[in-house]
Every structure is written in structure tokens, then in C-alpha cells.
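Enquirer: There's a structure below that I have some questions on.
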Amino acid sequence: HMFDKGVVLKNITYHPLYTPEFANIEMKKGWEPFEEQKPVIEYIVQDGIKKVIDAQTGQGKTVMTMFGLAQIKQRVAMVIKPMYIERWLDVIVGDGTVLQHTTKKDVIVVRGGKQLRSLIYMAQEGTLNAQFIVISNTTLSLYYKHYKEFGASEEYGWVHPEDLWKLLGVGVRVIDEAHEHFYVCFITDLNSHVHKSVELSATLEPDNPFLKRMYNIMYPKHLRMNTGAYKRYIEVYGLTY
């Protein structure tokens with residue numbers, strides 16, 4: 001795109017990937033994926049930075065992701081819309097957990113700039129030990145907005161966005177409901193340097209032509225993986241009144 005617009009790229013610097021922190025993530029004993037879920041889990045675990053899961057609602061995107069994380073065993077950052085944070089906490093350490101051994105001390109929840117700054121300082125001081133970092137996507141977008149306006153500053157420990165996941169030792173970044181707050185998701189991707197990104201959505205076919213074009217840039221169809229044919233749960237009847 002930049003070449004088409006006449007932009008000449010010079011002095012390109014390539015940043016090698018870092019070594020992420022180990023995370024002892026294990027599924028509960030007795031849990032086994034359904035047959036149609038196994039190819040999706042394999043896809044998550046395989047080499048490749050960007051993994052897009054577009055399975056429909058009810059097909060187990062959350063559980064498939066957890067199975068993948070249990071095999072990868074690297075520190076996880078979950079970038080989540082605030083209204084969904086409690087739902088994910090329930091899956092990780094709550095009554096609905098699918099994991100064993102993981103406890104509340106293994107999870108850090110970040111809501112707001114103050115908590116993000118505390119997280120950064122913990123990482124800089126070497127006291128960050130969490131397996132899961134659950135972070136509000138709104139909080140992350142405000143950090144990117146601050147950087148765009150002021151650059152790296154003392155406010156966020158002088159950390160550049162492309163260095164954030166390296167500092168935090170994150171191996172896998174998970175974005176849930178990747179079609180919501182789409183601009184935030186897009187900006188998050190542009191500012192990321194991470195080993196693997198798993199992005200979940202059941203709604204990647206918008207009617208809006210502009211959104212459809214942007215979705216195809218952000219979530220190319222050749223990177224999308226699902227559990228197969230769409231399952232119909234309801235019958236629709238057209239009525240006149």
C-alpha cells in the first residue's frame with residue numbers, strides 16, 4: 001500500500017522476537033475437545049503469528065483457545081472489551097474454570113491507566129509473575145493515544161508500544177470479540193510485536209462495504225479458521241402485518 005502511494009522506505013530495522021515467559025497452563029483432567037474443534041486447536045498451536053478464529057457462537061472459541069494455550073505454555077495477555085472481562089475471569093479462575101492449578105494469584109487484571117502503569121513498573125522491577133494478564137482494550141487504546149500525542153514518556157515508564165509485550169514477557173496475545181471496538185483492535189495490531197496473536201469473533205462478515213474491506217485487511221480470509229459448516233439453531237419465518 002505504501003509503495004503504491006509513492007512512499008520510499010529506507011533504513012528499515014527488523015526487530016527479532018524475544019523469549020517469552022513460561023506459563024504452566026493445564027486443562028482440567030478429563031477435558032477433551034470435540035473432533036471438529038481439534039483442527040482449530042492445531043491451527044492455534046502451529047507456527048504463525050496471526051491466528052483468526054471465526055467460529056460461530058456456541059462452537060467453543062473460548063475452550064478451543066484454552067486448549068491451545070495449554071499446549072503453547074507461554075504467558076498470555078488477553079485484550080478484552082471491559083464488559084467481557086468477568087466472563088473470561090470465570091473461565092480462567094472462577095466457578096466455570098476449564099483450567100487446573102491456575103489460581104487468582106496467577107492472574108492480573110488491568111483496568112485504567114493507573115493499573116497499566118503499575119503493571120509496567122512490576123515488569124521493569126522483575127516482580128511480574130502472572131500467567132494471565134487480562135487487560136481492558138479501552139485502557140490499552142488510551143496508552144496508544146497517549147504515545148501518539150506525546151511519544152514515550154515517564155507516564156508509562158518510557159515504554160514504546162512495540163516493546164510492551166516484550167517487557168511483559170507475553171508469548172500469546174488473545175483479542176476477544178475482534179469485530180467490536182474494531183478501531184481499537186486495529187490500532188492494537190499496528191502497535192504490536194508479539195510471538196502469536198489469537199483473535200476471536202463470530203461476526204467477520206459485515207454489511208458495510210468499508211468495514212468489510214478493513215476486516216479483510218485486518219483478518220485476511222486465508223488466516224481465518226472455524227469448525228466447519230454453519231449450524232442452524234433457529235427457523236425464520238417472514239410474516240406480513
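Enquirer: Modelled label-to-label distance, Lys5 and Asn129, 7 Å Cα→beta-carbon offset: nm?
Expert: 4.7 nm
Enquirer: What number do you get for region 52-174 when its Cα radius of gyration is normalised by 2.2 N^0.38 Å, N = residues?
Expert: 1.09
Enquirer: Continuing with this model, one more query. What spacing in nm lies between the two simple spin-label points modelled at Met83 and Thr240, each 7 Å away from Cα in the Cβ direction?
Expert: In this crude spin-label approximation the distance works out to 3.7 nm.
Enquirer: With a probe of 1.4 Å, find how much accessible area the chain has per residue, and write the answer as a whole number in Å².
Expert: 58 Å²
Enquirer: On the full set of protein chains, 1.4 Å probe, figure out the accessible area of Phe150 and give it in Å² to the nearest 10.
Expert: Phe150 exposes around 140 Å² with every protein chain in place.
Enquirer: Something else about it: Hey, how many Å between the Cα centroid of region 88-135 and the Cα centroid of region 3-24?
Expert: One Cα centre to the other: 27 Å.
Enquirer: So the label point goes 7 Å from the Cα of His146 along Cα→C-beta, right? Which residues of region 109-123 then have their backbone N under 16 Å from it?
Expert: 110-123
Enquirer: Roughly speaking, what % of Cα-Cα pairs in the chain are separated by over 34 Å, rounded to a whole number?
Expert: Result: 18 percent of Cα pairs exceed 34 Å.
Enquirer: Accessible area of Tyr84, 1.4 Å probe, to the nearest 10 Å²?
Expert: It works out to around 40 Å².
Enquirer: Can you compute the equivalent ellipsoid semi-axes for region 71-138, i.e. the square root of 5 times each eigenvalue of the Cα gyration tensor, sorted largest first and rounded to whole Å?
Expert: In descending order the semi-axes read 20, 16, 10 Å.
Enquirer: Okay, moving on. Could you list, in their original order, any pairs among Lys51/Lys221; Lys51/Lys166; Lys166/Lys221; Lys104/Lys196; Lys50/Lys212 whose Cα atoms are separated by more than 21 Å?
Expert: In this structure, Lys166/Lys221; Lys104/Lys196 exceed 21 Å between Cα atoms.
Enquirer: Right, something else. Would you work out what percent of the accessible area of region 55-159, with all protein chains in place, is carbon or sulfur (probe 1.4 Å)?
Expert: With neighbouring chains kept in place, the figure for region 55-159 is 53 percent.
Enquirer: Take every DSSP beta bridge with both residues inside the chain and express the antiparallel ones as a percent of the total, to the nearest 5.
Expert: For the chain, the DSSP antiparallel bridge percentage is about 10.
Enquirer: Can you compute 3J(HN,Hα) from phi for each residue in region 235-241, using the Karplus curve 6.51 cos²θ - 1.76 cosθ + 1.60 with θ = phi - 60°, rounded to whole Hz and x for Gly and Pro?
Expert: Ordered by residue, 3J(HN,Hα) equals 9, 10, 10, x, 10, 9, 9 Hz.
The values are calculated or read from the model by the stated rules, or taken from the named source; none is laboratory data. Computed from a predicted model, the values in this text were never measured in an experiment. When we count neighbours, we look across all protein chains shown, and the Cβ atoms used for this are built from the backbone with ideal geometry, even at glycine. Ligands, DNA and RNA are excluded from the accessible area calculation, which covers all protein heavy atoms including side chains. Shrake-Rupley method; radii C 1.70, N 1.55, O 1.52, S 1.80 Å.
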